[in-house]
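This report refers to the structure that appears directly beneath it.
The values are calculated or read from the model by the stated rules, or taken from the named source; none is laboratory data. Computed from a predicted structure; not experimentally measured. Here the Cβ is made from the backbone with ideal geometry for all residues, glycine too, and neighbour counts use every protein chain on show. Note: areas computed on protein heavy atoms with side chains; ligands, DNA, RNA excluded. Shrake-Rupley method; radii C 1.70, N 1.55, O 1.52, S 1.80 Å.
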Amino acid sequence: MMNAEEIFNLLTQNFNNAIVGLDKDTPVEPIISVDPLQIHNVSKFLRENENLQFDSLMCLSGVDDANGEKTKLEDGSEIIKGGTLSVYYNLHSVSLKHKITLKVSAPREDPKVESVENVWKCANWHEREAFDLLGIVFLNHPDLRRILMPYDWDDFAEDISKHPLRKDYQNPEFYQGMKVPY
Amino acid sequence: MGLLDKEFSEGNIVIANVEDLLNWARLSSVWQLGFGLACCAIEMMATSMSHYDFDRFGVIPRNTPRQADAIIISGTVTLKMAIRIKRLYEQMSEPKYIISMGSCSNCGGPYWQHGYHVLKGIDRVIPVDVYVPGCPPRPEALLEGLLKLQEKIRNESLRVKST
């Protein structure tokens, strides 16, 4: 069993340029920030190292940090430029009984994150969901399709209406001839 | 209006006009499509069970739209599902009736503002005969909705679909 600081130190020894930092000042669990384009190797290490043995990805969530430049439009809606989208990985080791949270942040305009699908299979659908609802692109994902919204959603949506959980999302006026707003 | 109010003559012959006979037959056997969407479907199933006994009004579930007279839209209609519901409706043969059950299918319900995936009322896609309010409606409310539909069918004429 290792605590967050020990895990962080072990990671920095092995990947000094991929580990961005450790945030201990969080309400629930300490968070280790990782480079989005190296998360696959870090994950693989976390799973295979015998002192870590993170065999379970409990959850993978996409988050819109909404930390870019916000412009208010006349109708009260908001457009966000710049800033980041993040992915959080909640890991658990069943055998060693310790937990850790990882975080990667990618630029909002070009959110590319490495897939961890071949490290933990359950990441497959979670990553599809983050792609569907937030537009985060997972590199090397075997089947990156929408999972909840209709496959042809893009045909009816403008850029602002493609990914509904983004903070500046706006409904398209119509989908397949059906009016969407109330 | 009831069929049995009409005159009985010798030899067990009931005299009625064609409209009344047809309407009576239709309203007494409103076969519904076995189809449920969300929590309203649980109430709809409870209505079909022995305690409320939908069957005593002639409502029994059919497994194909081609043999169904009515469809109860029982739950949240997502945009994805709306396309399928429209197809089911088109596959039903005339005369066909629609009961919209619960706030979600009436107007979007709790998803009216932020439900990016929810159709704000099934009447945007197919024509509704009876709206049953509630979230979800109790079985009594659904029965009341059915009685309203029967009333509607009873007053139909051969020339106009419903009054």
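Among the listed pairs A:LYS70/A:LYS99; A:LYS70/B:LYS80; A:LYS81/A:LYS112; A:LYS24/A:LYS162; A:LYS24/A:LYS97, those with a Cα-Cα distance over 28 Å are A:LYS70/A:LYS99; A:LYS70/B:LYS80; A:LYS24/A:LYS162.
Determine the per residue accessible area of region B:14-151 with all protein chains present and a 1.4 angstrom probe, expressed in square angstrom.
Values: 6570 Å² over 138 residues.
In whole numbers, region B:14-151 has 48 Å² accessible per residue.
Computed with a 1.4 angstrom probe on protein heavy atoms, the B-A interface buries about 1200 square angstrom of accessible area in total.
For chain A, the longest piece that avoids every one of the GluC sites (Glu not before Pro) found in DSSP loops with at most 12 other C-beta atoms within 10 Å covers A:1-49. Along its three principal directions, the equivalent ellipsoid of the protein assembly as shown from the Cα gyration tensor extends over semi-axes of 57, 22, 15 Å, largest first.
Rounded to the nearest 500, what is chain A's calculated 222 nm mean residue ellipticity when only DSSP H runs of at least 4 contribute -39500 (n - 2.57) each, over all residues?
Numbers: 4 runs with 37 residues, N = 182.
About -6000 deg cm²/dmol.
Computed over the Cα atoms of region A:12-145, the ratio of the radius of gyration to the Kirkwood radius (Rg/Rh) comes to 1.01.
Determine the per residue accessible area of region A:42-182 with all protein chains present and a 1.4 angstrom probe, expressed in square angstrom. Before the final figure, lay out each step's value.
On the way: 7110 Å² over 141 residues.
Here the per-residue accessible area is 50 Å².
In the protein assembly as shown, the portion of solvent-accessible area held by carbon and sulfur atoms comes to 52 percent [1.4 Å probe, whole percent, DNA, RNA and ligands not counted]. Contact with the other protein chains removes 40 Å² or more of accessible area, compared with the isolated chain and a 1.4 Å probe, from these residues of region B:114-137: B:TYR116, B:LYS120, B:ARG124. Across chain B, C-alpha contacts under 8 Å between residues 6 or more apart give a mean separation that, scaled by the residue count, equals a relative contact order of 22 percent. Counting only protein heavy atoms and using a 1.4 Å probe, the accessible area of A:ARG145 comes to about 100 Å². Normalised radius of gyration (Cα atoms, divided by 2.2 N^0.38 Å) for region B:29-120: 1.09. Accessible-area rank, largest first, for B:TYR89, A:TYR182, B:TYR131: A:TYR182, B:TYR131, B:TYR89, with all protein chains present and a 1.4 angstrom probe. Considering only A:SER86, A:SER115, A:SER95, the Gaussian network model of chain A with Cα springs below 10 Å gives its largest mean-square fluctuation to A:SER95.
How long is the gain from A:LYS81 to A:CYS122 if the chain were fully straight, where each residue apart is worth 0.36 nm and the alpha carbon distance is subtracted? If you can, show how the numbers build up before the last one.
On the way: separation 41, 0.36 × 41 = 14.76 nm, distance 3.19 nm.
So the chain would gain 11.6 nm between A:LYS81 and A:CYS122.
So which residue, out of A:SER93, A:SER61, A:SER77, gets the largest mean-square fluctuation from a GNM of chain A using Cα contacts under 10 Å as springs? Between A:SER93, A:SER61, A:SER77, it is A:SER77 that shows the largest mean-square fluctuation.
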